[in-house]
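Trainee: Submitted below is the structure of interest, expressed as structure tokens.
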């Protein structure tokens, strides 16, 4: 998605350790006009009319998912990072390892909001090692729901997450795939 | 807001301990059509054209803020719950006591995204004891920015937060104010 790649080049900041900061428009301050273009593009990539639910994970996926949902005419459910390890039987749960925060989260979705009748599009801002996305897939499968695919804003193509999820037969559409990046040279995108 | 009150009566669940669960449409599963009506109503209540930024707090404020921002033509910034107490000088920070989770959070906003030039509308899903809202006000004031007001989806009118914030001269507009509630009788709204 050219608009997004241009924005990453203009306002993204590459830091040591393969860190790409896009907090001025994507995941701290949020450019809602850009979000709308992202939402339209996800709809174009996933025209399937049977998609009836969008699933994301707190916190930075929520805004993108909500604006995107307007183009799908469906509700959003967000997976919550649970405070407690005592998960009762009323939720689907999985554990997700966060490399950024160097800890493991329990992530939950109430059983009321996912069922075998659902055809779910998963939306998230980043795909890197794939832990968050695999966790969300685990939750959808646990509910017996169908997975229409995953819409990702930025994929770090040099990490293994994208290949790993695609190898499981899940359709992953990333609006920008960064093949390499450097502090001085910025991002090189896959086309 | 009649549509919202009707929805709370239809799908909200009152539990012991003054708990109002609205997770089927507001803060776990999110009804984006309702969010759009909420956003339009916030625009009607805050027509001030100088509002140039919406501030909210993760996680459940983000979706409402993003959909609402479309009616204001401005970006959203969300305050993050910090993992660490080591806050560097590049952020505005405050601490917020959470009664729900029985702990105190450090909440941060990057200094890049709030300045004295900003006229900020604060958006959140709930106002009860006011701790979260007071924390966000503290952050806006720390940045030297102006506060246009606070738009709240549901205010628990029987708790002290609304009075406390209004007594500081901050305009608070709540789309539904619950004056009392009970497990058997549901919610009584203020009009």
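The values are calculated or read from the model by the stated rules, or taken from the named source; none is laboratory data. The structure presented is a predicted model; accordingly, all values stated were derived computationally and were not measured. We place every Cβ from the backbone using ideal geometry, glycine too, and count neighbours over all the protein chains shown.
Trainee: Looking at (1) within 26 Å of residue A:43 (Cα to Cα); (2) assigned to a loop (DSSP other than H, G, I, E, B), which is the one condition that is false for residue A:101?
Mentor: Against the list (1) within 26 Å of residue A:43 (Cα to Cα); (2) assigned to a loop (DSSP other than H, G, I, E, B), residue A:101 comes up short only on (1).
Trainee: Within the stretch B:95-106, can one find any residue that is within 13 Å of another protein chain (Cβ to nearest Cβ) and touching a residue at least 40 places away in the same chain (Cβ under 8 Å)?
Mentor: No: zero hits.
Trainee: Something else about it: Going by the conditions given, is residue A:144 outside any strand (DSSP E or B) and out of contact with any strand residue (DSSP E or B) (no Cβ under 7 Å at 6 or more places or on another chain)?
Mentor: Here the answer is yes, as residue A:144 does meet what is asked.
Trainee: Please enumerate the residues belonging to the stretch B:18-38 that are part of a helix (DSSP H, G or I), surrounded by 18 or more Cβ atoms within 10 Å (Cβ to Cβ) and more than 9 Å from chain A (Cβ to nearest Cβ). Break it down stepwise before answering.
Mentor: Restricting attention to the stretch B:18-38, the residues satisfying the condition of being part of a helix (DSSP H, G or I) are B:32-38.
Retained after the next criterion (residues that are surrounded by 18 or more Cβ atoms within 10 Å (Cβ to Cβ)): B:32, B:34-35, B:38.
Across the stretch B:18-38, the qualifying residues are B:34, B:38.
Trainee: Looking at residue B:65, is it facing chain A (nearest Cβ under 8 Å), under 21 Å from residue B:175 (Cα atoms) and touching a residue at least 40 places away in the same chain (Cβ under 8 Å)? Reasoning before the result, please.
Mentor: Working: facing chain A (nearest Cβ under 8 Å): yes; under 21 Å from residue B:175 (Cα atoms): yes; touching a residue at least 40 places away in the same chain (Cβ under 8 Å): yes.
So residue B:65 fits the description; yes.
Trainee: Here is a follow-up. Between B:55, B:45, which is modelled with pLDDT of 95 or more and closer than 14 Å to residue A:29 by Cα? Quick ask: steps written out before the conclusion?
Mentor: Numbers: B:45 fails: closer than 14 Å to residue A:29 by Cα.
The conditions single out B:55.
Trainee: Does residue A:188 qualify as being part of a strand (DSSP E or B) and either in contact with a helix residue (DSSP H, G or I) (Cβ under 9 Å, 6 or more places away or on another chain) or in contact (Cβ under 8 Å) with a residue 60 or more places away in the chain (or both)?
Mentor: On the way: part of a strand (DSSP E or B): yes; either in contact with a helix residue (DSSP H, G or I) (Cβ under 9 Å, 6 or more places away or on another chain) or in contact (Cβ under 8 Å) with a residue 60 or more places away in the chain (or both): no.
No: the conditions fail for residue A:188.
Trainee: Sticking with this one: If you take the residues of the stretch B:160-172 that are touching a residue at least 12 places away in the same chain (Cβ under 8 Å) and in a loop (DSSP other than H, G, I, E, B), which of them is nearest to residue B:35 (Cα to Cα)? Walk me through how you get there before you give the answer.
Mentor: Of the residues in the stretch B:160-172, the ones touching a residue at least 12 places away in the same chain (Cβ under 8 Å) are B:160-162, B:164-165, B:168, B:170-172.
From the residues that got through so far, the ones that are in a loop (DSSP other than H, G, I, E, B) too are B:160, B:168, B:170-171.
Numbers: B:160: 26, B:168: 28, B:170: 24, B:171: 21 Å.
By that ranking, first place goes to B:171.
Trainee: For residue A:6, state whether it is more than 19 Å from residue A:136 (Cβ to Cβ), facing chain B (nearest Cβ under 9 Å) and in a helix (DSSP H, G or I).
Mentor: Working: more than 19 Å from residue A:136 (Cβ to Cβ): yes; facing chain B (nearest Cβ under 9 Å): no; in a helix (DSSP H, G or I): yes.
No: the conditions fail for residue A:6.
Trainee: Continuing with this model, one more query. In the set B:53, B:15, which member is facing chain A (nearest Cβ under 10 Å) and in contact with a strand residue (DSSP E or B) (Cβ under 8 Å, 6 or more places away or on another chain)?
Mentor: Numbers: B:15 fails: facing chain A (nearest Cβ under 10 Å).
Of B:53, B:15, the one residue that is facing chain A (nearest Cβ under 10 Å) and in contact with a strand residue (DSSP E or B) (Cβ under 8 Å, 6 or more places away or on another chain) is B:53.
Trainee: For the stretch B:41-62, what are the residues that are more than 11 Å from the chain's Cα centre (by Cα) and either without any contact (Cβ under 8 Å) to a residue 60 or more places away in the chain or within 30 Å of residue B:105 (Cα to Cα) (or both)? If you could, list the steps in order and put the result at the bottom.
Mentor: Going through the stretch B:41-62, the residues more than 11 Å from the chain's Cα centre (by Cα) turn out to be B:41-53.
Within the stretch B:41-62, B:42, B:43, B:44, B:46, B:47, B:49, B:51, B:52, B:53 qualify.
This table checks each residue for (1) in contact with a helix residue (DSSP H, G or I) (Cβ under 9 Å, 6 or more places away or on another chain); (2) part of a helix (DSSP H, G or I); (3) exposed (fewer than 15 other Cβ atoms within 10 Å of the Cβ).
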{"site": "A:66", "(1), (2), (3)": "yes, yes, no"}
{"site": "A:74", "(1), (2), (3)": "yes, no, no"}
{"site": "A:77", "(1), (2), (3)": "yes, no, no"}
{"site": "A:137", "(1), (2), (3)": "yes, yes, no"}
{"site": "A:140", "(1), (2), (3)": "no, yes, no"}
{"site": "A:148", "(1), (2), (3)": "no, no, no"}
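Trainee: Moving on. Among the listed residues A:4, A:26, which satisfies the condition of being more than 17 Å from residue B:67 (Cα to Cα) and in contact with a helix residue (DSSP H, G or I) (Cβ under 9 Å, 6 or more places away or on another chain)?
Mentor: Result of the check over A:4, A:26: A:4.
Trainee: Please specify each residue of the stretch B:6-40 satisfying the condition of being within 20 Å of residue B:61 (Cβ to Cβ) and touching a residue at least 40 places away in the same chain (Cβ under 8 Å). Explain how you work it out, then say what you get.
Mentor: Step one: list which residues in the stretch B:6-40 are within 20 Å of residue B:61 (Cβ to Cβ), which gives B:7-8, B:11-12, B:19-40.
Answer for the stretch B:6-40, where residues must be within 20 Å of residue B:61 (Cβ to Cβ) and touching a residue at least 40 places away in the same chain (Cβ under 8 Å): B:8, B:12, B:20, B:22, B:26, B:27, B:38.
Trainee: Just to check your reading of the model, which residue among A:175, A:121 is assigned to a strand (DSSP E or B) and over 20 Å from residue B:30 (Cβ atoms)? Steps first, answer last, please.
Mentor: Details: A:121 fails: over 20 Å from residue B:30 (Cβ atoms).
Step by step, each of A:175, A:121 is checked, and only A:175 is assigned to a strand (DSSP E or B) and over 20 Å from residue B:30 (Cβ atoms).
Trainee: Something else about it: Quick one: is residue A:59 outside any helix (DSSP H, G or I) and at the interface with another protein chain (Cβ under 9 Å from one of its Cβ atoms)? Give the derivation first.
Mentor: Details: outside any helix (DSSP H, G or I): yes; at the interface with another protein chain (Cβ under 9 Å from one of its Cβ atoms): yes.
Yes.
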